[in-house]
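Worksheet: the structure to be examined is printed underneath.
Read the figures in this text as sums done on the coordinates, not as results from a lab. Remember, predicted model here, so these are calculated numbers, not experimental data. Cβ placement follows ideal geometry from the backbone for every residue including glycine, while neighbour counts extend to all protein chains displayed.
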Amino acid sequence: MINVPVLIAGGGPVGLTLAICLSFRGVRCMLVERNGTTTTHPKMDRTNSRTMELFRVLGIADTLRQVAVPQDHPGDVSWITSMAGQELCRFRYPSVIEMRERIRAVNDGTQPLEPTMRVSQVEIEPVLKARAEQSPLADVRFGTALEDLEQDATGVTAVIRSSDGSTESVRCQFLAGCDGGNSTVRTRLDISMSGKWRIMPRYMVHFRSDARDILERWGRAWHHQSNRGTLISQNGHDIWTLHARFPDGVAPDEVNPSALIEGFAGCSFPHEILVANAWSPHLVVADSYRAGRVFLAGDAAHQYIPTGGYGMNTGVGDAFDLGWKLAAVVQGIGGSRLLDSYEAERRPIGQRNCEASQRHNDIRVAIAKLYGPLLHDKNTEDPQALDAVRDGIIALGDAENASNGIEYGYSYGTSPVICHEPGAILPDDPVIYRPTTIPGARLPSVFLDDGAALFDLLGPWFTLIVLEDGPAEVMMEAAARLSLPVKLLPVRDSTAAAVYRTPALLVRPDHHIAWRGALPLTFDEASSILSCIFGRDV
């Protein structure tokens, strides 16, 4: 029997990120993935700023950007009649290079540390797999499926099957189900998912084409959208994906993918079909993210319509949160309440993002209705018709690509391992991010007066940031006596002081604020705070 502290089922971006997180924190793990290779299916195409901040902590953000769309390409979203017709309006989004300049220039805590990255999951997964395999602490096995599991008071016993048909038993302290929408782990736990199934059946066509005179007629854009669907520029060069409305009255095996492409474009052009299939998105969240020693993350825990791009990004947030908590417990740093906090923190975020995805899809439906009969089956040169649609789209806006409050403004207001302040109200605007240091919120990112990114100075576990003169010795002594890893970070900096407006902060490995207040504290006060945030009994 194989013995390992943590077994991960599923080798997509969520499972691989979890394996990297555990290895990063010195914990052995095994990852099993039933498929023999990383995905060839063009799923996610946008890694948001918050996910890139987390990848930066793990030291892989720059490596991932090497396989992404070139950093000088914009993230524009263009609404059109067709590629042969009219561009109605364009929501402009900066390139990575331009966004980095903005982040440096607007150093008031409102900006993320990392720009969004445009990249297909096809490109991301091999990079994550290679990084996980580099660690001697991670046993990564593709072509190996988790078939069954049974848990008891001290651990979990799982059965895995290799592609040659042989089976092995694995004994682990904890098991993480990152095995996708049809999760074996979730099924074995008998955990249901609640929400809406089969929202607006779609048809996906992934293709290759050099016809940029057609496909970039108005210049580069990330998305071209119309009432017929969305065309995604996957690599900024010759790979594209069309997500089209499923044609009425046609069986899935009778759909002509080329006809869908040319119907969207309004003209014919050379192209090579790579992948084509029908699919139906869902808006569902698992009723529970945990059963005993077994946890769910990623699509096993939540499934969304792609509007907003919250699926993989939410899943990476799950993996990072679960990763540092499992590592802390395995290493004897964290207590049982740390594991309880995973569902308390991540399930509300999963539900919030599900609701946001629904709102964004509702906007898409409303925009499609604006097109009306004049734009449904033909291009029009009627200026009044074009203006009416254009004005309607602009009025409805593009929140699905501009909801910073969802992407990096989320907070853990109900977590049992946060020192909450009675009466404090955490910002909850899904669109606008408002920086705050209320415990539970993500620490606002700032550059210090010497140019250093404060996030880069944080310790691998918890960090005590001291912004005003005040003795921190008692807090550090309490951490030492309790054998808790806390880095002391004195910060005498005008920018940080202006943004944070508090004498001291305790910041978690995921940048979320666990406590804020003034120093000095009594030893008992410090011990109580540390016990709370590490999930230990006081």
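Divide the volume of the convex hull of the Cα atoms of region 472-518 by its number of residues and quote the answer in cubic angstrom per residue.
82
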Helix 336-376 against the longest principal axis of the chain: what's the angle in degrees, Cα atoms only, rounded to the nearest 10? 20
Sorted by average packing, counted as other Cβ atoms within 10 angstrom per residue and highest first, what order do 487-496, 119-128 take? 119-128, 487-496
What is the magnitude of the charge dipole of region 442-533 about its Cα centre, with +1 placed on the Cβ of each Lys and Arg, -1 on the Cβ of each Asp and Glu, and no other charges, expressed in debye to the nearest 20? 280
Explain nothing, just compute: Karplus ³J(HN,Hα) = 6.51 cos²θ - 1.76 cosθ + 1.60, θ = phi - 60°, for every residue of region 321-331 in order, whole Hz, x for Gly and Pro. 4, 5, x, 6, 6, 4, 4, 5, 6, 4, 8
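Would you mind giving the three semi-axes, in whole Å and largest first, of the ellipsoid equivalent to region 45-101 according to its Cα gyration tensor?
After diagonalising the Cα gyration tensor, the semi-axes are 29, 11, 10 Å.
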Normalised alpha carbon radius of gyration of region 1-160 [divisor 2.2 N^0.38 Å]: 1.30
Span from the region 62-125 Cα centroid across to the region 35-54 one, whole angstrom: 15
What would the Debye equation give as log₁₀ I(q)/I(0) for region 179-265 at q = 0.18, 0.20, 0.21 Å⁻¹, counting only Cα atoms as equal point scatterers? -0.84, -0.93, -0.98
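Using a ≥ b ≥ c from the Cα gyration tensor of region 334-474 (square roots of the eigenvalues), is it rounded, prolate or oblate, where a/c under 1.5 gives rounded and otherwise the larger of a/b and b/c decides, a/b for prolate?
Note, shape of region 334-474 comes out prolate.
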Rounded to the nearest 10 degrees, the helix 523-533 long axis (Cα) sits at an angle to the longest Cα principal axis of the chain of 30
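For region 442-533, what is the percent of antiparallel DSSP beta bridges, rounded to the nearest 5?
65
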Debye log10 I(q)/I(0) for region 442-533, one point scatterer per Cα, at q = 0.14, 0.26 Å⁻¹: -0.45, -1.49
Quick one: helix 13-24 against the long Cα principal axis of the chain, what's the angle to the nearest 10°, folded into 0 to 90? 30
1/(1 + (r/R0)^6) with r = Cβ-Cβ of residue 198 and residue 488, R0 = 41 Å, i.e. FRET efficiency to nearest 0.05, evaluates to 0.20
Using a cut-off of 29 Å between alpha-carbon atoms, which lysines can reach residue 369, once sequence neighbours fewer than 8 places away in the same chain are excluded? 43, 196, 378
For the pair residue 431 and residue 369, the simple spin-label estimate (label points 7 Å beyond Cα toward Cβ) gives in nm 1.9
Projecting each Cα onto the charge dipole of the chain (Lys/Arg +1, Asp/Glu -1 at the beta carbon, about the Cα centre), which of 234, 167, 392 comes out farthest on the positive side? 167
Between residue 41 and residue 518, 0.36 nm times their residue separation minus their Cα-Cα distance comes to what? 166.6 nm
I'd like to compare 17-26, 410-419: which one has the highest average count of other Cβ atoms within 10 Å, and what's the full order after that? 17-26, 410-419
Lys, Arg +1 and Asp, Glu -1 on Cβ, resulting dipole of the chain about Cα centre, debye, nearest 20: 380
Ranked from highest to lowest mean number of other Cβ atoms within 10 Å per residue, what is the order of the peptides 348-360, 90-102, 319-331? 319-331, 348-360, 90-102
With x for Gly and Pro, the residue-by-residue ³J(HN,Hα) of region 28-33, computed from phi through the Karplus equation 6.51 cos²θ - 1.76 cosθ + 1.60 at θ = phi - 60° and given in whole Hz, is 6, 8, 10, 10, 10, 9
What size of dipole, in debye to the nearest 20, comes out for region 206-267 about its Cα centre when the only charges are +1 on Lys and Arg C-beta atoms and -1 on Asp and Glu C-beta atoms? 260
In Å, the Kirkwood estimate of hydrodynamic radius for the chain over Cα pairs equals 24.5
